[in-house]
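Report on the following structure.
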Amino acid sequence: MPSSLALAAGRLPAPPWFGEVAALGATGIAIALRHALDDVLPPGFPFLTFFPAVILTTFFFGLRPGIVCAVLSGLAAWYFFIGEANVFLFDAQTALALGFYAFIVTVDITLIHLMRVAGERLNAERAVSAQLYEQQRTMFQELQHRVANNMQFVAALLALQKRKVIDNPQEAADVFDEAQARLQTIARIHRRLYDPARADQPVGQYLQELCSDLLDATGARNIVCLVDAPPVRLDLARLTTLSLLVVEVVTNALKHAFHGTERGTITIRFETLGAGQASLSIADNGPGIPATFDPDTSRSLGFRIVQGLAGQLDGTLTYANEGGTVVRLVFVTGPTDA
């Protein structure tokens, strides 16, 4: 109960100077009440109404107003009600009375202040607990959403692979090997994405590590991957989709762009365009796109996967020959791109 009262007191909205004004008012009321009781009370009791004033002021307005009220109340009791009225007299009896008053109000103020501090600390801990609960609930919902999306992506991938088997049954084993490799890549991406140590990485650092993983996984020791990106961040859903797209394009470049070459370079450049959009380009220094390539009629499984991922990002893909193949994606970053 005391902590609840302290919490309620701590929530009283007031300007910084209001506590001192309240202390002055409480002292005035205590003086008036003590004068009103002067004819009723026997001799003595100089601090009768001042103790409650100090306690209530400290309780509702804090340490500094409580000290102000205690000092003003002590001076008022000394001047009006100890010894001869309306005079500051000091003798042994007065010193004893004032010492008693100082001891009592010091204990009261200290206990009430500690109670307020404990109440504020409890309130802060409750706020943190509520925030952690909300984060856990949100993360659980996000995890459910991600798992559902991942299952849908795997189902769509298998459906595309099935069409390839139907078109060419002799390549069934290769198709299943390709599907297995893609699923293993997805698993690696998600392990990286949901690693708490990497939860707040900038996009550039994340893509650099992702490309290094791909080069290690494929054994492409003669290929260098360079990433140029500002220190921006994407929400987890968009970063997941963007990762899958980058993996698909980079894997395709590793397969087709560097045959017969000793060394090669893949360059990934991320740029913010404003208005909630960004551009991602993936370029290699290979021979470039065949002259016969037509994005509108291509039946390439990898191309269809990339197009589907670009659609999930509300993005547009373009292909060009600029000293090699350049795949450029312009997409919507969403509200949490930085």
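The values are calculated or read from the model by the stated rules, or taken from the named source; none is laboratory data. Nothing here was measured: the structure is a model prediction, and the numbers come from that model. We place every Cβ from the backbone using ideal geometry, glycine too, and count neighbours over all the protein chains shown. Protein only, heavy atoms only, side chains kept; ligands, DNA and RNA dropped before computing areas. Shrake-Rupley method; radii C 1.70, N 1.55, O 1.52, S 1.80 Å.
Remarks
- When residues of segment 8-49 are limited to those that are touching a Lys or Arg at 6+ places or on another chain (Cβ under 7 Å) and over 30 Å from residue 126 (Cβ atoms), the one modelled with the highest pLDDT: 49
- Yes/no for residue 5 being assigned to a helix (DSSP H, G or I), over 15 Å from residue 106 (Cα atoms), modelled with pLDDT of 90 or more and open to solvent by 40 Å² or more (accessible area, probe 1.4 Å): no
- Taken over segment 53-65, the criterion of being farther than 15 Å from residue 119 by Cβ and either outside any helix (DSSP H, G or I) or small (Gly, Ala, Ser) (or both) is satisfied by 53 alone.
- Any hit, segment 226-243, residues being hydrophobic (A, V, I, L, M, F, W, C), over 21 Å from residue 187 (Cα atoms), open to solvent by 50 Å² or more (accessible area, probe 1.4 Å) and out of contact with any His (no Cβ under 8 Å at 6 or more places or on another chain): yes
Yes/no per residue for (1) of a type in the set (A, V, I, L, M, F, W, C); (2) at pLDDT 90 or above; (3) open to solvent by less than 70 Å² (accessible area, probe 1.4 Å):
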{"position": "71", "(1), (2), (3)": "yes, yes, no"}
{"position": "93", "(1), (2), (3)": "no, no, no"}
{"position": "103", "(1), (2), (3)": "yes, yes, no"}
{"position": "108", "(1), (2), (3)": "no, yes, yes"}
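- Lone qualifier among 148, 130, 197, 124 - being assigned to a helix (DSSP H, G or I), within 24 Å of the chain's Cα centre (by Cα) and at pLDDT below 65: 197
- Set 54, 71: member being within 15 Å of residue 104 (Cα to Cα) and either in contact with a Gly (Cβ under 7 Å, 6 or more places away or on another chain) or of a type in the set (S, T, N, Q) (or both): 54
- Among the criteria (1) at pLDDT below 85; (2) of a type in the set (A, V, I, L, M); (3) out of contact with any strand residue (DSSP E or B) (no Cβ under 7 Å at 6 or more places or on another chain), the one residue 234 does not fulfil is (1).
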